[in-house]
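Participant: There's a structure below that I have some questions on.
The values are calculated or read from the model by the stated rules, or taken from the named source; none is laboratory data. From a predicted model like this one, the values you see are computed outputs, not experimental measurements. All Cβ positions, glycine included, derive from the backbone under ideal geometry; neighbour counts span all protein chains shown. To get the accessible areas, we keep the full protein, side chains included, count just its heavy atoms, and leave off ligands, DNA and RNA. Shrake-Rupley method; radii C 1.70, N 1.55, O 1.52, S 1.80 Å.
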Protein chains: 2
Amino acid sequence: MDMEARLHADHGDELRLWLRMLTCTQLIEQRIRSRLRERFATTLPRFDLMAQLERVPEGMKMTVLSKRMMVTGGNVTGITDQLEAEGLVQRVPVEGDRRALLIRLTPAGRKVFATMALEHEQWIVQALGGLSAREVETLYKLLGKVKQHVKQSEPEGA
Amino acid sequence: MDMEARLHADHGDELRLWLRMLTCTQLIEQRIRSRLRERFATTLPRFDLMAQLERVPEGMKMTVLSKRMMVTGGNVTGITDQLEAEGLVQRVPVEGDRRALLIRLTPAGRKVFATMALEHEQWIVQALGGLSAREVETLYKLLGKVKQHVKQSEPEGA
DNA sequence: TCGCGATTATTTAGGTTTCAATAATCGCAG
DNA sequence: CTGCGATTATTGAAACCTAAATAATCGCGA
């Protein structure tokens, strides 16, 4: 077996794991998307944005929001436009910085989100129902290692 | 603690795990996307399609391809159009069924993919470098449980 | 053989996401 | 206080993805 072939063989496990991670998340994600659409006529990105805001009552700047959601700023602008038009979030000027805007849930938005979040959580519990509490914990810890390693290697600018 | 609050508390672990799964895959996925763009001026969906074809030299029908890639048929049509225009894949009529087409890599496509795949695998190994071989195995098995449970519950039709 | 439901691929319209460019503002160095 | 690089949000162009409609073909049952 030459070096190149050995290299390949040695790394097959990582590749298999990665593909399985992708399969699992896509499987669950698609299920959640379709349920959000059927039950609440909304989309995952909209739900995500509201979920982020829910944790911070005073609101968040769009840059922070885009980092947390791991999407581009332009994307956040678009989703915010929609939710604002529906009265679920509002843009609030930031005192002392005329560039920035704080996005926050309106009372109506908070109410709507509460309903969705409750059901959403049940979907997740159901999706992960094949695991024991101990296995959930193990998975959580191992993925924590992955997350940490990925984030520390190459934070930005190779 | 009332029932609703308890319910919430009991299921917090699953939700946390789900969010972490999402974070990990998105983190890695985005890194791969940007590297595919920088290094090979291509995209993840195009890479994915070629990766599927690579495993089956005789080619695959578009329906099979769309199921494996977990995207819609129309999407596969679009990506195939691009790759075909670049001479990386070709559409081959199926003997005995004039509806179906076999998509397969051209020799040029196979060559291009081989180069990308080698580097791609290194990226994955690097991303998962924070784990021991044993941890990779554990993660793989646990995610296998998740995958199986999600797939068996509600295969289709509520 | 005929007809009809199912399968296969494509098209269409609409929404999502990214990247890059733009415009406004900030804050600091001089 | 002036200018200039950095930050903030938005916009525009292009790619991606979906769902639903369309068109061609298949294959089976009567």
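Participant: Can you pull out the trypsin sites (Lys or Arg not before Pro) in the stretch B:43-152 whose DSSP state is coil and whose Cβ has at most 10 other Cβ atoms within 10 Å? Please list the in-between numbers first.
Facilitator: On the way: sites: B:ARG46, B:ARG55, B:LYS61, B:LYS67, B:ARG68, B:ARG91, B:ARG98, B:ARG99, B:ARG104, B:ARG110, B:LYS111, B:ARG134, B:LYS141, B:LYS145, B:LYS147, B:LYS151; in loops: B:ARG55.
Sites meeting the loop and neighbour criteria: B:ARG55.
Participant: Follow-up. Just how much of A:ASP97 is accessible, in Å², when a 1.4 Å probe is used and the result is rounded to the nearest 10?
Facilitator: Probe radius 1.4 Å; accessible area of A:ASP97 about 40 Å².
Participant: A further question on this structure: To the nearest 10 square angstrom, what accessible area does A:PHE113 show with a 1.4 Å probe?
Facilitator: 20
Participant: Take A:LYS111 and B:GLU137, extend 7 Å from each Cα along the Cα→Cβ direction, and tell me the distance between the two endpoints in nm.
Facilitator: With each label point 7 Å from Cα toward Cβ, the separation is 5.6 nm.
Participant: Taking only the alpha-carbon atoms of the stretch A:25-158, what semi-axes of the equivalent ellipsoid follow from 5 times the gyration tensor eigenvalues under a square root, in whole Å, largest first?
Facilitator: Details: eigenvalues 156, 99, 33 Å².
Three semi-axes, in Å: 28, 22, 13.
Participant: Nearest 10 degrees, 0 to 90: what angle lies between the long axis of helix A:73-85 and the longest principal axis of chain A (Cα atoms)?
Facilitator: 40
Participant: Counting only helical runs of four or more DSSP H residues, what would the 222 nm mean residue ellipticity of chain B come to if each run contributes -39,500 (n - 2.57) and the total is spread over all its residues? Spell out each step's value before the answer.
Facilitator: On the way: 6 runs with 111 residues, N = 158.
Per the formula, -24000 deg cm²/dmol.
Participant: Distances from B:GLN122 to the same position in the other copies: list them in nm, one decimal, shortest first, using label points 7 Å from Cα along Cα→Cβ.
Facilitator: 5.0
Participant: In Å², and per residue, what accessible area does the protein assembly as shown have when probed at 1.4 Å with the other protein chains present?
Facilitator: On the way: 18070 Å² over 316 residues.
Accessible surface, normalised per residue, equals 57 Å².
Participant: Summing +1 for each Lys or Arg and -1 for each Asp or Glu, what net charge is found among the other residues whose Cβ lies under 12 Å from the Cβ of B:LYS141?
Facilitator: Numbers: positive: A:ARG16, A:ARG20, B:ARG134, B:LYS145, B:LYS147; negative: A:ASP13, A:GLU135, B:GLU135, B:GLU137.
Once all neighbours under 12 Å are counted, the net charge is +1.
Participant: Put a point 7 Å out from Cα along the line to Cβ at B:GLN26; what are the distances to that point in the other copies, in nm, shortest first?
Facilitator: 1.8
Participant: Hey, another quick one. For the Cα atoms of chain B, what angle does the longest principal axis make with the long axis of helix B:3-40, in degrees from 0 to 90, nearest 10?
Facilitator: Relative to chain B, helix B:3-40 is tipped by roughly 30 degrees.
Participant: A follow-up question, please. How big is the protein assembly as shown on each of its three principal axes, counting only the C-alpha atoms and giving the largest first in Å?
Facilitator: That gives 60, 46, 42 Å along the principal axes, largest extent first.
Participant: Oh, and also: Whenever you get a sec, compute what percent of the accessible area on the stretch B:3-127 sits on carbon and sulfur atoms (1.4 Å probe). Intermediate results must be reported in sequence, preceding the final value.
Facilitator: Working: 3710 of 6860 Å².
Carbon with sulfur: 54 percent of the solvent-accessible area.
Participant: Considering the rotational relationship between chains B and A, which residue of chain B contributes the beta-carbon of minimal distance to the axis, and what is that distance to the nearest Å?
Facilitator: Closest to the axis: B:THR25, 2.
Participant: Here's something else I'd like to know. To the nearest 10 degrees, how steep is helix A:133-152 against the longest Cα principal axis of chain A, on a 0 to 90 scale?
Facilitator: Tilt relative to chain A: about 90 degrees.
Participant: Roughly what would the spin-label model give for A:SER153 and A:VAL56, points 7 Å off Cα along C-beta, in nm?
Facilitator: 3.0
Participant: Hey, another quick one. Please give me the summed charge of the neighbours of A:GLU38: other residues whose Cβ is under 12 Å from its Cβ, Lys and Arg +1, Asp and Glu -1.
Facilitator: Details: positive: A:ARG31, A:ARG33, A:ARG35, A:ARG37, A:ARG39; negative: A:GLU119.
In short, +4.
Participant: Between A:LEU105, A:VAL136, A:LEU49, whose Cα lies farthest towards the positive end of the dipole of chain A when Lys and Arg beta carbons carry +1 and Asp and Glu beta carbons carry -1, centred on the Cα centre?
Facilitator: Going by the Cα projections, it comes out as A:LEU105.
Participant: Could you tally the net charge around A:GLU119, taking each other residue with its Cβ under 9 Å from the Cβ of A:GLU119, Lys/Arg +1 and Asp/Glu -1?
Facilitator: Values: positive: A:ARG35, A:ARG39; negative: A:GLU121.
It works out to a net charge of +1.
Participant: Compute the relative contact order of the stretch B:3-127 as a whole-number percentage, counting only Cα pairs closer than 8 Å that sit 6 or more residues apart in sequence. Provide the component values of the computation, followed by the final result.
Facilitator: Numbers: 100 pairs, mean separation 27.4, N = 125.
Here the relative contact order equals 22 percent.
Participant: Now a separate question. Averaged over all directions, how much area does the convex hull of the C-alpha atoms of the stretch A:50-106 cover when projected, in nm²?
Facilitator: Numbers: hull surface 14.4 nm².
So the mean shadow area of the Cα hull is 3.6 nm².
Participant: Ok, one more. Can you list residues whose amide H is under 5 Å from B:LEU101's amide H, if they're 5+ apart or on another chain and H is modeled 1.01 Å from N?
Facilitator: B:MET62
Participant: So what does B:GLU135 come to for accessible area, using a 1.4 Å probe and Å² rounded to 10?
Facilitator: 40
Participant: Let me ask something additional. Counting only protein heavy atoms and rolling a 1.4 Å probe, how much accessible area do B and A lose on contact, total for both sides, in Å² to 100? Intermediate values should be presented prior to the final figure.
Facilitator: Numbers: alone 12120 and 12160 Å², together 18070 Å².
Rounded to the nearest hundred, the buried surface is 6200 Å².
Participant: A 24 angstrom limit on the alpha carbon distance is what I want to check against. Which of A:LYS141/B:LYS67; A:LYS145/B:LYS145; A:LYS147/B:LYS151; B:LYS111/B:LYS147; A:LYS145/B:LYS147 exceed it? Don't skip to the answer; put the middle values down first.
Facilitator: Numbers: A:LYS141/B:LYS67 31 Å; A:LYS145/B:LYS145 20 Å; A:LYS147/B:LYS151 26 Å; B:LYS111/B:LYS147 33 Å; A:LYS145/B:LYS147 21 Å.
Where the Cα-Cα span goes over 24 Å, the pairs concerned are A:LYS141/B:LYS67; A:LYS147/B:LYS151; B:LYS111/B:LYS147.
Participant: Going 7 Å from the Cα of A:MET70 toward and past its Cβ, which residues in the stretch B:24-40 have a backbone nitrogen under 14 Å from where you end up?
Facilitator: Under cut-off, by backbone N: B:24-34.
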